[in-house]
Each structure stands twice: as C-alpha cells, then as structure tokens.
Protein chains: 4
Amino acid sequence: MNSSKIRTDLALEAHENIENAELKTRGIKVDEIFHEQTHTKITKLHVTTRNGSHTNGKPIGTYITLETPNLVEEDEDYHREISMELAEQLEEIIPDFKKEQSILVVGLGNRDVTADALGPNVIDNLFITRHIINTYGKAAYNKTKMHAVSSLVPGVMAKNGMETSEIVKGVIDQTHPNVMIVIDALAARSIRRLNRTIQITNTGIHPGSGVGNHRNGLTKDTLGIPVIAIGIPTVVDAATIVKDAASQMGHDFQPSPLSQEQENLLYELHNMYVTSKDVDAVIKRLSYMVSEALNIAFSCF
Amino acid sequence: MNSSKIRTDLALEAHENIENAELKTRGIKVDEIFHEQTHTKITKLHVTTRNGSHTNGKPIGTYITLETPNLVEEDEDYHREISMELAEQLEEIIPDFKKEQSILVVGLGNRDVTADALGPNVIDNLFITRHIINTYGKAAYNKTKMHAVSSLVPGVMAKNGMETSEIVKGVIDQTHPNVMIVIDALAARSIRRLNRTIQITNTGIHPGSGVGNHRNGLTKDTLGIPVIAIGIPTVVDAATIVKDAASQMGHDFQPSPLSQEQENLLYELHNMYVTSKDVDAVIKRLSYMVSEALNIAFSCF
Amino acid sequence: MNSSKIRTDLALEAHENIENAELKTRGIKVDEIFHEQTHTKITKLHVTTRNGSHTNGKPIGTYITLETPNLVEEDEDYHREISMELAEQLEEIIPDFKKEQSILVVGLGNRDVTADALGPNVIDNLFITRHIINTYGKAAYNKTKMHAVSSLVPGVMAKNGMETSEIVKGVIDQTHPNVMIVIDALAARSIRRLNRTIQITNTGIHPGSGVGNHRNGLTKDTLGIPVIAIGIPTVVDAATIVKDAASQMGHDFQPSPLSQEQENLLYELHNMYVTSKDVDAVIKRLSYMVSEALNIAFSCF
Amino acid sequence: MNSSKIRTDLALEAHENIENAELKTRGIKVDEIFHEQTHTKITKLHVTTRNGSHTNGKPIGTYITLETPNLVEEDEDYHREISMELAEQLEEIIPDFKKEQSILVVGLGNRDVTADALGPNVIDNLFITRHIINTYGKAAYNKTKMHAVSSLVPGVMAKNGMETSEIVKGVIDQTHPNVMIVIDALAARSIRRLNRTIQITNTGIHPGSGVGNHRNGLTKDTLGIPVIAIGIPTVVDAATIVKDAASQMGHDFQPSPLSQEQENLLYELHNMYVTSKDVDAVIKRLSYMVSEALNIAFSCF
C-alpha cells in the first residue's frame, strides 16, 4: 500500500508516515516545542525544497501543528489558553502583522453538515470591523491603528453551482484585502488525530483538501495575496480507516488485485467519512476556540 | 406629512398614495388583470418617463404586482397555483428567456432574522445546475438545451464587513451570468400588504430598499447584466405604522414642530420594525412558493 | 385609556404607569439600589397583598428588575459583570439555594422566531449535569455537593399541538426537580425598555405573558414546585406602540368610539409586534449573558 | 466473530446475517412483495416466538422493510410515490386506524448532528391538529371525523440531562394519546443499506438502538400505548465497518486475541460512525418523504 495515496490533510501526519529516514529529512526541517502549561506540543515543519515537497506531498512552506489532548474537553479556561497559543502562532506566520492590514477571513465548508461546519461557525463569532472603519473611520473604535476585518462564507458547490475559488477571487478583486485567512475542517488519516490537532500553514488550501474536497486551490498563486490556512481534522476518510484497520490487523488490501466486490466497497467508502458521535459539541467548542484566537490576534494593537 | 417620505418598497403602494390625479398618470401606465381561479389581482405598472419616476419615487421600468389574499394560508395546492402564476410572469419579464441562459439567483437578507430570511430560504430549495453542466455537460440531465443556474447568499454587512454589491459584483465578474434574479424581503407602508403581495421588477434593487436597507444598488447599471428583483413585504417600518395610525386617528405629526421627546421616539422607531407573530410559518411558506416558481420557470425547456 | 389594559409583562413598568399615589403604595413595597460599577439599577418590587396585586395586575410575590443601558453593547467583560450580578440575585431568590437541589431549567418560546428565541438559546449554553450525576455520581465532577441541572425546550403549541404546561407538568412528574427556572422573552409597553431590562420573579409564568402568549400558567400552584421566571423584553405589542405614540402626540384613541376601520387596524395590530432590526445580535448576546449567569449560580459549591 | 454482536437496528439485516437455515425459519415468518412501479421491495418479517426473537435479536412483532434504490435521488414525483407506499403500510400497522385517534408523533435524535436529525426534521413538516381540535372542534377543519395529531422532539440526554423515556412518558401521561409513532435515524451493518431502507415496526424502540443510542426503551410495555417505530439507517457503526471490511478482505479480528493497540482502536471506533458525505441533502429528502407519508396517512378520512 503506497502511503502517498493515503489521504491526510496534515503535513505532520504525512511526514510521520514516511518510513525512509533519508527521505524524511531531505528538504524538510522540523522544530518541536512542548508547552507544559497547556500540554501542547507545537511542531514547526518547514518544507524547504521541491524534493521535500514531493516526498511529503505538501507544497513548499511552513506547517505549524498544535497537538493537545484536551481540545475537546469542557473547560473554558483551558480553551482560552489554547486560543492565546494559537493567536501567538498566527501573529508570527501572518506576514507584516505589525503593520495595519485589511484581513479577509474565509470559512470554508458546509454549514448543514456538522463535521464540515467548522469554518462557517468560526465566522459567526468573529469581530468584524471593515465596514465600520470604511464608514466612520478608526475613531469609531477610539483607535489610531487597527486591522480591518471582513469575512466570507462561500458555501459549497453542490448548493451554489460555483467553485469556491470563483467566489473568493471575485470578492478579493472587489474588496482588496492584504491577506486572507481561511478556516477549514480537515480529513486526518488516523482517528487519534481527530479534534486534537490544529494545523496552521502559509501555503493556503490545495485541491482535494478539506472535508468538502475543494477542487480548486486558494493560494497566493491563484489569489495574489498571502493565504494562511487554519485546519482541524474532524473526519477520517472511511476508505482510509478500513485500509488502516485491515493493515493493523496484519492484513493488507494489496498486493493481490482486489475483487470486484472489494472495488465496489472501496468506491462506496470514498463517498463516506468517519466522525465522532458527539461531533456537534466538538465543533461548537473548536469553532469558538478558533474565533477567539482570531479576535485576540486581530486586536493586537 | 410628505407622502414621498413614507417608506415603501412597493411601486404600486407608492402609486396609490399619490393623490393628485394628473401626477398619477403622467409617465405611468397601469394594466390590471384579475385571475378568478387563484383570486389573484395582477397589476403591471410601467414607469415610462423621468417625470413618472420622480412622482412615484421608483426608477423607470416595469413593476408587476401579484396580490392574493390567501398567500399565507396552509394550502399546498393553492401555493402551487401561485407558484405557476409567478413562474409565468418571470418568464415574461426575464429578457430572452427562450434562449439558454446562465442565471445567477441572489438571496438577500439576514438568515438569522426570521422576517429578513426570505431570500436565503428561497435559495435553499433551488435546483442548482451550473456546476453539473460545467463539469459533465447538459447530457448529465438528458437535455440539449437548458438554463445553467447558480446561486449566492451574500449575507449582511454587519456580519461580513462588506457591501452586498461588492460581493455580488465580484461573483458576477468571475462567473459571467447573463441575468441575475434577486430575492428580498421588503418593507411595506401598510400592514394590510404584509405577506399578501409579490412584486417583480426589471429595475433591480435600489439603495435603501429591503428589510436590511442595502446601501448600494444592484442594477443593470452597476452590474452590467439585467437584474430582475422579486420582493415580498414581510415588515412595516415601525415609524411608518405609528405615523399612519396617528393620521388615521385624525391626528398628524405635522405641521407643528416635533418636541424633543417626539423626535427621540421617531429616531428609536426607525431602528425597529413591525412584523406578524407567526412570521416563521409565513416565511417558510412564502419562500417555498418562490423557490418552486423559480424551479418551474428555469425548467421551461 | 385604561392603563391596566396596556400589555406589559414587567411588574415595574406596570407600577410606573399607575398615576394615583395612594394606589401606588398600597400592598406594594419598592427597594432600589444602584450599582455604580455596572451602571445597573436594581429595583425589588414586592407585591404583598391582594390589593397590591389587583392594582399592579401582577400576582403576589417578588419582582427584581435589573436595568442597565449597555446590555446590548458588544463588550464581553461588561456582560460577564452583568451575568455575575444576575447570578447573585438568582442565588437570593431561589429557595434553599444553599442546599443541594435538582433544578429544571425551561426555555420557553419559538426557536424559529428570532425575537422569541431567548429561552431556547439560553438552554443551548447551559452546563447540564443531572444525567452524569444519576449515572456516575457527583464523583464524576470531583464534588461531594452539587446541584443537578436538567433542561427542557417545550416548543410552541402551533408546532406540537400541546399546551406548554402539559409538557412541563409531565416532565416534572417524571423527573422530580425541586425547583424550576423558566426563561422567556417578554413584551414591554415602552420601546425604551427593549433589551435593557431583566426581570426575575418568584411568581412563575402567567397566562398571556411572553412573546408567545402562553395560555396556561407555569406556577407553584399548577406545578407543585417553586418557579423562578427570568424574562427580558424583546418586543413591544404593535397595538401598544401605536396607542402610546398617538397619546404622546397629544391624541388618544378614546373617548369617542373607534370607527370600523380603526377597529380593524387595532385587530390586525394585535397579531403583530415591534422589534429592533438587529434582533439577532441582541438575542445572541442576551441569551449568552443569561446562560452564563445560570452556570455561575449553579456552580455555587 | 459472533454475528449477534454486530450492531444493526434492522431486523431484516439481522435475519440475513443468520447462516443456519433452521434457525432462520424457527419463529420467523417472512413475506416478500415487489412493487414494479416504485422499484420497491417490501418484506414483512414476523417474529412470532421467543425462539425467533432470540435468534434474530429483535422482540416479537412485525417488521416491515421497504427497500428502494432511488430513495436519495432528486425526483419529487418518485418521493411522492414512496410516501404513498409508506402511508399505506402505516395505515395497516397502526391499530384501529379507521377509528378516530389521538396520535403523538415523536422525533428522536439530535437536531445538531446532521445524520441524527431525521426525527426532528420529520416533525418540522407535520400537519399538527390537536390544539385546534381541542379549542375549536373538528368543525374548524370542516370535518366530523379526524385524527388529532400532536408532536414532540425530546432532544438528547447530553443536552437536557433526562432520559428520552422520562420526557415521553411524562407527556403521554398528561396528553393521553391513543397511539405513538416514533421516528429515528438507525444504524445499519452494511453501508449498502444506508439511506435506501425504511423499517416500520410495531415493537417500538429498544435500548441501544438508533444513532443516538437510547438507553431506555419506548414500547407498549413501558408507555402503555401501542408504539409504531419508523426508522431509516443513516449511519454505520465505525467498528462494524472495519470488522466487515477486514472480514471481506479475507481476514478476521478473531480468533487470536486482540493486541492492546487493536483493543484501543476498536474502543475509539465505537464512539464513531460512518456516514455519507452528502448527508445533509439525504436527510432533507428522507425527512420530507416521511413527513409527507404521515400527513397522507393522518388525513385518511
């Protein structure tokens, strides 16, 4: 079974699945920190060369991963701490963050599918300022320096008939933000990562990523402005989980060719995903934590 | 009290409020039909000159008004008939409707305010085809000729920090529809019109109209394509209802200047609206009726 | 115009509308406090006799009113302070609150009508513990003493065909709480009270109160346990606002008999209400503030 | 692997998984019909003895299963036909349906988890009559004979702290319906059954069934009135799918004991489920189809 075919949106997970030690370090630089107070492990994975990109399956850029075991627990104070940790990482990775910026925050995903609603739900709790600043000036907030924040929930193609990239590009052309932050629910390979991992990257969103499988990318190349993506895995592809479980049980789909029945099963599984039974409570907490992180970061001066 | 200052989004209502017989006919042409079967009165009001536009307070163009007493009643068959009536009017007013078109349907309003959710709710029940046609061709529907339908729910400025017109213009520039249909909840002057009147116009949406008070227009001038607007009054401005009631009681706010207290009351009233207590059931039925009308019209060949 | 016919759910407002000084004090005791820090005026109105009840139109009992000008402003810290103020008042008015209790919190109102969704929205953010305590004991929370909290959103009669009192009584009979707290959106007489006033009373909910006009009461008499009601006015009856405005303009509906047209207008107005245009944001903030107050109060030991 | 341990809420699926031919027929009677027009296979499985019940794992009673390949397709006319088919089966299985009844329809499940929202969504489109009949009589509908319909959405224990059975029992004690119909999203064993199968049974709901895993039963024994359950599988347990896939790949979890890692994986999988990516569209269509079936059946005279 070729690990590169296994679907994961997490660069760190892809990295861990590479077994060859030499491949693992060529064009890849990894820094790890552990924050005692929040029990959070922060891994900064830098894909620095095309070789590294090829091995990892992710574009050149920086991937910050926050892993924390308690992300889904009901502890308001703890979530506040994680929000602050995330805010700090954002302030670092957003280019020129100490200069005033016009920031567009995009919440990807389908509001009507609980596991895919992370992005839209984050937007619901954002503090939006662009329209007030445009109309009344920063004086309305008693400030002389502040970021202008706008937001967009583009929805999904099955419901609006358009590529997400078409909507986002159109809105950027009209409103001229300096930087875009995009939030998305991701698919992990391992159920152990579900709801426990946050990935921040400066490489944007690439085709095939996210629960909703965006067909076109949202990147600096396609949109003309830096794109910071924040993703949290909320599902595992059903096909992946079956393959992994089978493999863990000592068996493998390969090398013998699959029977027609096996092919059909895998085909159906590719239109399905695995998620936790309390996904509503999980998404509620995670989206609040991310929106707080953004609100904290955006009010940095 | 100058009637032109009374807020109504309905051209017909504005027309009725003009008392001067000569003004009433200059630059205005009115045709009326009554459909027995559906108890529906259809009035086509054509504003043909700048004089007519000045008197009526509405731009040059056609305003079709369907008035029907039973719009809010729970009768599925009846609603189907009204949907078909509305579909017929749409087919007539949409330019070149017998040619294949790419149609963008925009649902204005705030999904989280029941009385303002008509537009977003209509979009929820639309049959969207553009993405399927773009990817698989019309053959996917066993057709050689069909309209491509896409949709957009732009949301409200208080939540996304952008003008609706910025979002709509951006999306049109990227997706190139031939015609746009926009759905909006309107404000009427009289509570007797609430939920009983449908207005279709080829003049688009103008600043200050709708429950949500859009600041910028959505018109052929600003967007470059024909804009057909479908509106149903679901609220009355609170200030209007107070003025009207006072006037009906034989009293008038004018001519003596208002006291400070009266000014304050009117100011607060301008941030309020009047709506019916069963607004949720009303909006549910009306939005289904409009989405069915659009689905019927769009499947015309 | 008989002031007792004017609809208000607020005992304090009813009290203020009594003009006769003697009537105003007979069987009524009023204490006022002003809290500088939160700009909150707290009025405790005790209806102590049947005479007082008759004059005020409210049952014998205690009515605590918190008035604060900033309730709707976007200031998280401020809302926290109001939540703590409200929690304090609750701890005082709930009988035997320092003993362990089983508390049922009921959120009245229609989730699908924004102005009426206060009750259901409060429930969404409550910390519910009864099922955990019943299954695993208080040890699951590392506590030896704690309240058991359960909740109910009964919905509205138009959608479930039942009286709210039937559902609530049934659930109480099965689950045996010691005390019930009920949250409801209220109707005020004056728009100046909208979203700025919180009423807490130990008299429960009475027929005809609330935005949704409950027909049967929810009181200690009907349910057998103490009922504490928390209400916030989110609407004004449309008929009331018209009468008041007319009266303020120096005119009155009375004394001459109303014309048929005037009667019709008033009749239609009684099925309508007035609410603020940003009712969605208002309800979101108010419901969060109330749920926090309950969570704070319930975790008192 | 003991098939009786495999979780399925479908009696037909449990029956199919029994391999022993003698066991398969003892205490079990099976009738099959195929309706050409709707491509629907209707299987009536009667569990007639305790032996049959033990083998099948389902209580004594009747289980009608409608299987139809096109349930999820977007074809309004087709869904109408299935609704009528379902209505017919309901009229047959509800006791004394030709006599006037007071019917309580209960929508189980969690409205905030898309795959579990079937029950609550069905209730949203029901035609509710009990309160009108109680207040104005059947004359309000111009009828002399009609069923009185009420509804209940009890929610889930994690949010209200109560057993569903406590709420349902309380409401029945207060409102005295003659029969209860309960709608629930089910868990199937095979992904091939997802969204394609409807089960109707007169045995009610049993502990451990449904997506949300109700702990206490809702049956004639516990509630005192006949309970008809309508269920549609919308998820597959993640543990089941992994076991099945492994088994289909020629491997089995057994007979060798599982490693600790394997045990952990299975444990985590038991808190997860598999569902289709377009679960929102599927649930929308299925719930509309069921509510139409109920509305058709209830208006039988």
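The values are calculated or read from the model by the stated rules, or taken from the named source; none is laboratory data. Computed from a predicted structure; not experimentally measured. Counting neighbours? That spans all protein chains shown, and the Cβs are built from the backbone with ideal geometry, glycine included. Keep in mind that these areas ignore ligands, DNA and RNA; they rest on the heavy atoms of the full protein, side chains included. Shrake-Rupley method; radii C 1.70, N 1.55, O 1.52, S 1.80 Å.
By the rule of a C-alpha distance below 16 Å, with chain neighbours fewer than 8 residues away ignored, the aspartates and glutamates paired with D:Lys41 are D:Glu13, D:Glu16, D:Asp31, D:Glu32, D:Glu67, D:Glu81, D:Glu85, D:Glu88. Here is the list for the range A:156-221: trypsin sites (Lys or Arg not before Pro) lying in DSSP coil, each with at most 13 other C-beta atoms within 10 angstrom of its C-beta, are A:Arg215. Structure remark: mean-square fluctuation, Gaussian network model of chain D, C-alpha springs under 10 Å; the largest value among D:Asn142, D:Asn216, D:Asn121 belongs to D:Asn142. For the range A:3-298, a crude dipole built from +1 on the beta carbon of Lys and Arg and -1 on the beta carbon of Asp and Glu, taken about the Cα centre, is about 880 debye to the nearest 20.
Counting only residues at least eight positions apart within a chain, or on another chain, the lysines with an alpha carbon under 23 Å from that of A:Lys143 are A:Lys98, A:Lys99, B:Lys159. Inter-chain Cβ neighbour count for C:123-131, averaged per residue, equals 4 (cutoff 10 Å, partner chain atoms only). Between chain A and chain B, roughly 1900 Å² of accessible surface gets buried, counting both sides and using a 1.4 Å probe. Chain C residue nearest by beta-carbon to the axis mapping C to A, with distance in Å: C:Tyr288, 6. Principal axis extents of the Cα atoms in the protein assembly as shown, from largest to smallest and rounded to whole angstrom, are 93, 66, 65. Rolling a 1.4 Å probe over the heavy atoms of the protein chains gives the protein assembly as shown an accessible area of 40 Å² per residue.
Normalise the Debye intensity by I(0) for chain D, one equal point scatterer per Cα, no solvent, then take log10 at q = 0.09, 0.14, 0.16 Å⁻¹ and round to two decimals. With no solvent term, the Cα-only Debye profile gives -0.45, -1.08, -1.40. Relative to the longest principal axis of the Cα atoms of chain A, the long axis of helix A:260-269 lies at roughly 20 degrees.
Expressed per residue, the C-alpha convex hull volume of the range A:6-102 stands at 142 Å³. For chain A, the fraction of 1.4 Å probe accessible surface lying on carbon and sulfur atoms is 48 percent.
What number, in nm² with one decimal, is the all-direction average of the projected area of the convex hull of the alpha-carbon atoms of the range B:29-188? Its Cα hull, projected and averaged over all orientations, spans 12.2 nm². Note on chain B: dipole from Cβ charges, positive end direction compared against B:Asn121, B:Thr144, B:Ser190; the farthest Cα belongs to B:Thr144.
Take the convex hull of the alpha carbons in the range B:125-193; its mean projected area over all directions comes to 7.4 nm². Which links in A:Lys29/A:Lys58; D:Lys24/D:Lys44; D:Lys58/D:Lys277 stretch past 22 Å when you go from one Cα to the other? Flagged as over cut-off: D:Lys58/D:Lys277. Look at the alpha carbon pairs under 8 Å that are at least 6 residues apart: their mean separation over the length of chain A gives a relative contact order of 21 percent. Of the residues D:Ser209, D:Ser276, D:Ser291, the one that moves most in a GNM of chain D with alpha-carbon contacts below 10 Å is D:Ser276.
Within 10 Å of the Cβ of each residue in B:266-273, the mean number of Cβ atoms contributed by other protein chains is 4. Here the range A:127-241 has an Rg and Dmax of 16.6, 54 Å, counting Cα atoms alone.
Calculated FRET efficiency, C:Asn142 and C:Glu16, Cβ-Cβ r, R0 41 Å, to nearest 0.05? The pair C:Asn142/C:Glu16 has a calculated efficiency of 0.30. Pick out, from C:Ile18, C:Ile133, C:Gly57, the residue whose Cα sits farthest towards the positive end of the charge dipole of the range C:3-298, with +1 on the Cβ of Lys and Arg and -1 on the Cβ of Asp and Glu. Highest projection toward the positive end goes to C:Ile133.
Pop out a list of residues from the range D:166-199 that are at least 50 Å² less accessible with all the protein chains around than in their chain alone; 1.4 Å probe, no ligands or nucleic acids counted. With the partner chains in place, the range D:166-199 has these residues losing at least 50 Å²: D:Glu166, D:Gln174, D:Ile191, D:Arg192.
Could you let me know the centre-to-centre spacing of the range A:126-167 and the range C:32-73, using Cα atoms, in angstrom? Comparing the Cα centres of the range A:126-167 and the range C:32-73, I get a distance of 41 Å.
Largest first, the residues D:Thr38, D:Thr25 sort by 1.4 Å accessible area into D:Thr25, D:Thr38.
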